[in-house]
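Peer 1: Sending over a structure as structure tokens; questions will come in a sec.
The values are calculated or read from the model by the stated rules, or taken from the named source; none is laboratory data. The structure presented is a predicted model; accordingly, all values stated were derived computationally and were not measured. So basically every Cβ, Gly included, is an ideal-geometry build from the backbone, and we count neighbours across all protein chains shown. Calculation scope for accessible area: heavy atoms of the full protein, side chains included, ligands and nucleic acids excluded. Shrake-Rupley method; radii C 1.70, N 1.55, O 1.52, S 1.80 Å.
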Amino acid sequence: MRSQPSVAALIVAAGRGTRAGGNVPKQYRSIAGRPLLDRTVEAFRLHDRVARVLVVIGEDDHSFYAAAMTPSDKLLAPVVGGAVRQASVLAGLEALADTAPDIVLVHDAARPFLSAGLIATAIESVSRGALSAVPGLAVVDTIKVVDGDGRVTGTPDRATLRAIQTPQAFAYAALREAHRRAAIAGIAALTDDAAVMEWAGHAVAVFPGEPGNVKLTHPEDFDAAERRMQAAMNDVRVGQGYDVHAFAEGDHVWLGGVRIAHDRGVIAHSDGDVVLHAATDAILGALADGDIGTHFPPSDVQWKGASSDHFLAHAARLLADRGGRLAMLDVTVVCEAPKIGPHREAIRARMAAILGVGLDRIAIKATTSEKMGFTGRREGLAALALATIRLPGDGA
């Protein structure tokens, strides 16, 4: 069986976006409480086909970027772009060269509303052998060509026209070579990467885009995006999760993705992380999508000793695939030992990275059972979790 091609996403965010107004570059403006760039990047870092995400930023934007972005294992350190879009994309492509992907997706930072399905279609279009594939919408208005005086000089057949969007998908090596050739030739005014490939003599395929995949350019676009976000995420749900494991011989336990030294281990099929197991079940419960055993049966040997990071990341992908977001995850650990306090912030940071959310979305608390019951007798430990999610819907 042929392995899937490796995929990296390159987000172009080096522009100033002056037409949008405001005191900061538009990609760092907030929509429904989160920076635009972070929302855009989220679509790629939560997609299971995308292995790495690289953002190209402006020379003076490091502090904006650091404040805006949600940490993620997939997110590479940003690179500084150039004076024009072509130079920025080339800088990003060169930064990926050491571990070159098979496919690169190039996307505008100001298009936050793309779907997971559109990303998948872009990847598949190149996986099937094309060097270039871009999303496009059929043009419904009559288009006129005008001269410098505003006089009509032609009316093209709109049946042959497409309004092109991003993400645009390319064979990485071919796109990098085309950009290098264009730079050497002094060609710098091409408006998208498909045009660079066209200039280099490569065919470009077009697949259906999405009407909702709009680019935010003017102040009214941001107003409309704010209304769209607030209206769309009105199906608020709460799910609960619970997990328990008995102690056994060992020298550590896993809690919230963090290895904690302890005088006992736990009996478990996977790594026995009660925090991540409870959190996974809480999200799955809010989605009404079974439980951790449904998705990762203990009878399946591939999960023996597995890191529970995989389970929580899977729940996060299911949530993202539904167009949803995690509003809050509240976890309580019940045990006499080990002490959770010294590890609380490391656990929060690890879970935030797995889920692709900010630290303010993760709460970790701990309590004892006052020496009563199995936890009080130090026979094991338990965790309870509540997940609040927001999904697109009618709020019913």
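Peer 1: Being modelled with pLDDT under 95 and either open to solvent by less than 30 Å² (accessible area, probe 1.4 Å) or not basic (Lys, Arg) (or both): is that true of residue 355 here?
Peer 2: Taking the combined requirement at face value, the residue satisfies it.
Peer 1: Just checking, how many residues over the range 335-386 are more than 23 Å from residue 284 (Cβ to Cβ) and of a type in the set (D, E, K, R)?
Peer 2: Result for the range 335-386: 9.
Peer 1: OK, next. Suppose we filter 194, 173, 182 for residues that are over 27 Å from the mean Cα position of the chain (by Cα) and not in a loop (DSSP other than H, G, I, E, B); which single one remains?
Peer 2: Only one candidate qualifies: 182.
Peer 1: Under 7 Å between Cβ atoms, at least 6 apart or on separate chains: pull out the pairs that start in the range 378-395 with a residue that is more than 30 Å from residue 32 (Cα to Cα) and end on any residue that is at pLDDT below 95 and outside any strand (DSSP E or B).
Peer 2: Short answer, once both residue conditions are applied: 378/336; 378/337; 380/374; 381/335; 381/375; 382/375.
Peer 1: Filter the range 292-334 for residues that are touching an Asp or Glu at 6+ places or on another chain (Cβ under 6 Å) and under 16 Å from residue 268 (Cβ atoms); which is least open to solvent (accessible area, probe 1.4 Å)?
Peer 2: 308
Peer 1: Here is a list of conditions, (1) under 22 Å from residue 213 (Cβ atoms); (2) at pLDDT 95 or above; (3) among the hydrophobic types (A, V, I, L, M, F, W, C); (4) surrounded by fewer than 21 Cβ atoms within 10 Å (Cβ to Cβ), and residue 96 meets all of them except one; can you say which number that is?
Peer 2: (1)
Peer 1: Check 259, 228 and return the single one that is assigned to a strand (DSSP E or B) and open to solvent by 60 Å² or more (accessible area, probe 1.4 Å).
Peer 2: One residue alone meets the criteria, 259.
Peer 1: Further question: Residue 120 fails exactly one of the following numbered conditions: (1) in contact with an Asp or Glu (Cβ under 6 Å, 6 or more places away or on another chain); (2) touching a residue at least 24 places away in the same chain (Cβ under 8 Å). What is the number of that condition?
Peer 2: Residue 120 satisfies all of (1) in contact with an Asp or Glu (Cβ under 6 Å, 6 or more places away or on another chain); (2) touching a residue at least 24 places away in the same chain (Cβ under 8 Å) except (1).
Peer 1: Any idea how many residues of the range 114-139 are open to solvent by 30 Å² or more (accessible area, probe 1.4 Å) and under 14 Å from the mean Cα position of the chain (by Cα)?
Peer 2: Here the count works out to 4.
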